[in-house]
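**Q** I have a structure here, written as structure tokens, and I will follow up with some questions on it.
The values are calculated or read from the model by the stated rules, or taken from the named source; none is laboratory data. Remember, predicted model here, so these are calculated numbers, not experimental data. Cβ placement follows ideal geometry from the backbone for every residue including glycine, while neighbour counts extend to all protein chains displayed. Heads up: the accessible areas ignore ligands, DNA and RNA and are worked out on the full protein's heavy atoms, side chains in. Shrake-Rupley method; radii C 1.70, N 1.55, O 1.52, S 1.80 Å.
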Amino acid sequence: TGLRELFNYTPSHLRVKMNGVEYQGYFAIIGNAKLYGGGTMLTHKADMSDGRLDACILQSKDIFNFIKFLFGVAIQQHDYFEDVVYAQTKKLRIESDKPLLVHVDCEILGTAPVDIEVCPKKIRMVC
């Protein structure tokens, strides 16, 4: 079951380099929009028009901290936890010592390392 997998999962250590700082963690969401995966607000401070990416990095690999993080997401307070880094940047790099799958919009893009950069005004939206 999914719950069993959650408790048996061993996260991979990753490094996120942005704004001249290297952050250590086990889970990272990078976004340019507030909503993720059907309404979850992991990057709830994101603004698609500000020219910056929002990065949310969970630095603890403890399963109970991950569950606490999920509850924090539900009430949009996860970025106040001491084991969560929430920052904004124009570009970043994610690295891992082991192969780490990188997902973009629920599709597998490849493996880390990956460089991510915002490209302002590159897509014209028509509503």
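**Q** Identify which of GLY72, GLY110, GLY20 has the largest mean-square fluctuation in a Gaussian network model of the chain, with springs joining Cα atoms closer than 10 Å.
**A** Most flexible of the set in this elastic network: GLY20.
**Q** Moving to a separate point now. In whole percent, and with a 1.4 Å probe on the protein chains, what portion of the accessible area of the chain is carbon and sulfur? Working shown, then result.
**A** Numbers: 4840 of 8610 Å².
Looking at the chain in its full context, I get 56 percent from C and S.
**Q** How long is the gain from GLU117 to THR10 if the chain were fully straight, where each residue apart is worth 0.36 nm and the alpha carbon distance is subtracted?
**A** Details: separation 107, 0.36 × 107 = 38.52 nm, distance 2.83 nm.
Roughly 35.7 nm would be gained on extension.
**Q** For mean projected area of the Cα convex hull in nm², pick the label among (1) 7.6; (2) 12.6; (3) 8.7 that corresponds to the value derived from the coordinates.
**A** Computing mean projected area of the Cα convex hull in nm² and matching it to (1) 7.6; (2) 12.6; (3) 8.7 gives (3).
**Q** Using only the alpha-carbon atoms, how far is helix 63-74 inclined from the longest principal axis of the chain? Give it as 0 to 90 degrees, nearest 10.
**A** On a 0 to 90 degree scale, this one is about 40.
**Q** I would also like to ask the following. In nanometres, what is the gap between the two model label sites at ASP97 and GLN24, each 7 Å from Cα along Cα-to-Cβ?
**A** 1.0 nm
**Q** Can you work out the FRET efficiency for the pair ILE67 and GLU107, with r the C-beta to C-beta distance and R0 = 35 Å, to the nearest 0.05?
**A** Details: r = 26 Å, r/R0 = 0.75.
Step by step, r from the Cβ atoms, then E = 0.85.
**Q** With springs only between Cα atoms under 10 Å, which of LYS61, LYS98, LYS90 fluctuates most in a Gaussian network model of the chain?
**A** Judging by the Gaussian network model, the answer is LYS98.
**Q** Sort CYS127, CYS119, CYS106 by accessible area with a 1.4 Å probe, largest first.
**A** On the way: CYS127 170, CYS119 80, CYS106 100 Å².
Listed by decreasing accessible area, they come as CYS127, CYS106, CYS119.
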